[in-house]
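This report concerns only the one structure given below.
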Amino acid sequence: MRPEPRKILIDCDPGVDDGVALLWALAEPEALEVVAITALGGNVPLAKTTRNAALMRMLAGRSGVPVHRGAARPLVRAAVQAEEFHGPEGLGDLDTGGDPGPIAPEPAAQAICRLVRASAGTLTLVAMGPLTNLAEAVRLDPGIVPLVREVIVMGGARSEGGNITASAEYNIYADPEAAAEVLAATWPVSLIGLDATHTVRSDEARTAAIAALPTARAQAMASLLAFTNRIEREHGAVDGGPLHDPCTIACALDERLFQWAPADIQVETQGELARGHTAVEMRPSRIGHSRHRWAVTADAPAIFARLTAAAGRP
Ligand code: RIB
Ligand code: CA
């Protein structure tokens, strides 16, 4: 008897890697039921991330998946964008002029609360942008926290160091207050940071394998990966771009694709130098009752094998 597909809600800021993640998640309906997509301002402004999420939904042939508009800016700070890594429209070289389809009128935080309560205990929140929408949802209805199966987050840095400052990863840096509130809640959080994602790179061979597939999904993925590879080359990387956000989908599909360490993870919210730094405490005597886990390593070949198989599905 085939198991029921896992229910997930994807919160994102597309973003080229968010785009690959969305196309992947929407390509395996027998494994993942994407109940909704919520967007927020991040890599590019909210209007573009919302449009981009909707475009990916349409390209995936999944017009029935609702897309909700969320936070335009962080809880208390000014927005920090990343056009240099995602292009001015947020999807690299992809044409963003197509019909994105309708945007649901319900704000993201309200949709998250409603869907968590409707799926009591079975819904996983998959967050691949700043954590503002999730923090606003908990503020709106703190009672959702014990009803969420798991929160899978792309974010954080430990041994690898940061990608926007010496010690902070972008999603956490962009809204450290939101990240602190999400991590302070008592739900289980699986944090996939740069220590793992920097080992999952779309090198030329992996990108070419996807580009060789005849589906529209694969062609879009290959375009997004090629854009990231080019930007990363300009920044000195030689083995392709890190597959940050798709790692959250890999985790939702099969957590065994990662090695995990129980942890207590806290976020620095004071000052500018250490803003968004994730302190990942792994010493058993200091973890206490924390329900966090940190992705220590990732199985890059297996992740790409599954991504490529999904890319080629009719
Ligand atoms: O640091 C990588 C993260 O920041 C990814 O989610 C990418 O899309 C950007 O939002
Ligand atoms: Ca993202």
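What follows draws every value from the coordinates through simple rules; no lab data is involved. Keep in mind it's a predicted model, so treat the numbers as computed, not measured. As a convention, Cβ positions derive from the backbone with ideal geometry for all residues, glycine included, and neighbour counts pool all protein chains shown.
A few points about this structure:
- Under 15 Å, Cβ to Cβ, from Leu9 - net charge with Lys/Arg +1 and Asp/Glu -1: -1
- Under Karplus coefficients 6.51, -1.76 and 1.60, residue-wise ³J(HN,Hα) of region 30-43 in Hz, glycine/proline x: 6, 10, 10, 9, 7, 6, 5, 10, 10, 10, 8, x, x, 3
- Candidates Ser223, Pro262, Ala180 compared by Cα position along the dipole of region 171-314: farthest toward the positive end lies Ser223, with charges placed on Cβ.
- Residue by residue, region 73-81 carries 3J(HN,Hα) couplings of 8, x, 4, 10, 9, 6, 5, 10, 9 Hz when phi is fed to the Karplus relation 6.51 cos²θ - 1.76 cosθ + 1.60 (θ = phi - 60°); x denotes Gly or Pro.
- An ellipsoid equivalent to the chain, defined through the eigenvalues of its Cα gyration tensor, has semi-axes of 26, 22, 20 Å when rounded to whole angstrom and sorted largest first.
- Per the Kirkwood formula applied to alpha carbons, region 170-314 shows a radius of gyration over Rh ratio, Rg over Rh, of 1.03.
- When +1 charges are put on Lys and Arg Cβ atoms and -1 charges on Asp and Glu Cβ atoms, the dipole computed for the chain relative to its Cα centre reaches about 720 debye.
- Centre separation in Å (Cα based) which lies between region 4-19 and region 286-314: 14
- For region 154-164, backbone phi angles converted through the Karplus equation (6.51, -1.76, 1.60; θ = phi - 60°) give residue-by-residue couplings of 8, x, x, 8, 9, 5, 6, x, x, 10, 10 Hz, Gly and Pro being listed as x.
- For the chain, share of DSSP beta bridges that run antiparallel, in % to the nearest 5: 30
- Quarter the surface of the alpha carbon convex hull of region 188-249 and you get the mean projected area, 4.7 square nanometres.
- Candidates Leu75, Val153, Ala109 compared by Cα position along the dipole of the chain: farthest toward the positive end lies Ala109, with charges placed on Cβ.
- Counted over all Cα-Cα pairs of region 144-195, pairs farther apart than 19 Å make up 27 percent.
- Region 1-122: equivalent-ellipsoid semi-axes (sqrt of 5 x gyration tensor eigenvalues, Cα, Å): 24, 18, 12
- Considering region 69-121 at the alpha-carbon level, its Rg and Dmax are found to be 15.3, 40 Å.
- Under a 5 Å amide H cut-off, with hydrogens placed 1.01 Å from N, Arg158 pairs with Leu194, Asp195 among residues at least 5 apart or on other chains.
- The distance between label points at Glu84 and Asp141 comes to 4.1 nm (points 7 Å beyond Cα on the Cα→Cβ vector).
- Amide H contacts under 5 Å for Leu123, placed H, 5+ residues apart: Arg149
- Normalising the Debye intensity of region 231-314 to I(0), with uniform scatterers on Cα atoms only, and taking log10 at q = 0.23, 0.26 Å⁻¹ returns -1.11, -1.16.
- From the alpha carbon centroid of region 193-222 to that of region 251-279 is 24 Å.
- Cβ-based net charge around Ala104, under 15 Å, with every Lys or Arg adding one and every Asp or Glu removing one: +3
- Proportion of all alpha-carbon pairs of region 126-245 beyond 16 Å (%): 66
- The H on the amide N of Gly41, modeled in the peptide plane, is under 5 Å from the matching H of Leu46, Ala71, Ala72, Arg73, each at least 5 residues off or on a different chain.
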